[in-house]
1. Does residue 60 fit the bill of being out of contact with any helix residue (DSSP H, G or I) (no Cβ under 6 Å at 6 or more places or on another chain) and surrounded by 17 or more Cβ atoms within 10 Å (Cβ to Cβ)?
2. Here are some conditions: (1) over 19 Å from residue 21 (Cβ atoms); (2) exposed (fewer than 15 other Cβ atoms within 10 Å of the Cβ). Residue 51 meets all but one. Which one does it not meet?
3. Might you check whether a residue that is part of a loop (DSSP other than H, G, I, E, B), among the polar types (S, T, N, Q) and more than 15 Å from residue 89 (Cα to Cα) occurs anywhere in region 34-47?
4. Within region 111-125, is there a residue that is without any contact (Cβ under 8 Å) to a residue 40 or more places away in the chain, assigned to a loop (DSSP other than H, G, I, E, B), over 20 Å from residue 29 (Cα atoms) and under 12 Å from the mean Cα position of the chain (by Cα)?
5. Quick one: residue 61 ticks every box in (1) under 23 Å from residue 23 (Cα atoms); (2) not in a strand (DSSP E or B) bar one, so which box is it?
6. For region 106-120, give me the residue count where each residue is at pLDDT 95 or above and out of contact with any Pro (no Cβ under 8 Å at 6 or more places or on another chain).
7. Exactly one condition in (1) modelled with pLDDT of 90 or more; (2) part of a loop (DSSP other than H, G, I, E, B); (3) over 13 Å from residue 25 (Cα atoms) is not met by residue 97; state its number.
8. Does region 110-125 hold any residues that are closer than 26 Å to residue 58 by Cα and surrounded by fewer than 17 Cβ atoms within 10 Å (Cβ to Cβ), and which are they?
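The values are calculated or read from the model by the stated rules, or taken from the named source; none is laboratory data. Predicted model, so just to flag it, every value in this text is computed and none were measured. Cβ: placed from backbone, ideal geometry, glycine included. Neighbour counts: every protein chain shown.
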Amino acid sequence: MNLNRGVCLWAMLAVTGQVFAQTFSCPKPADIHQYRMDNGGYHYVADGPADQKWVGENETAKELRMASLEFTAANYKPMNDERNSMPAVICDYSGAGYDAVRLVLKPVHQFSPAPNTFWEGNYCKANDNLKCMFNHQ
């Protein structure tokens with residue numbers, strides 16, 4: 001009887017302690033919001049997975065024509081030095097003229113490219129953000 005109880009307890013701990021990876025993508029351009037910063041430039045925000053946010057800023061930027069933005073690429077930066085204190089996914093967008101935005105999501109744990117995407121190593125180039133989907137916990 002004690003053996004069965006021990007096996008059940010172990011199974012419960014294994015199930016409740018396990019975290020499953022989920023699939024996410026860079027935000028659609030229409031989901032990016034820009035806000036003027038007090039000292040000039042703009043701050044960019046989009047909702048991310050769970051309670052996370054995609055964020056970016058440019059202290060010298062002029063107001064972007066957000067409707068012209070298109071997704072161009074994603075890049076995974078593992079935690080590997082002083083500059084990358086947390087693993088992150090970086091999303092790039094470009095638009096009319098010099099309009100461009102870079103958003104960062106961090107931390108990104110247990111990163112892996114989603115199946116049937118355009119990831120080559122840690123870089124994904126595509127015109128569609130769904131072609132650069134990724135898994136993380």
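1. No, not satisfied.
2. Status for residue 51: all satisfied but (1).
3. Checked region 34-47: at least one residue is part of a loop (DSSP other than H, G, I, E, B), among the polar types (S, T, N, Q) and more than 15 Å from residue 89 (Cα to Cα).
4. There is at least one residue in region 111-125 that is without any contact (Cβ under 8 Å) to a residue 40 or more places away in the chain, assigned to a loop (DSSP other than H, G, I, E, B), over 20 Å from residue 29 (Cα atoms) and under 12 Å from the mean Cα position of the chain (by Cα).
5. (1)
6. Total meeting the criteria: 8.
7. Every listed condition holds for residue 97 apart from (1).
8. 122, 123, 125
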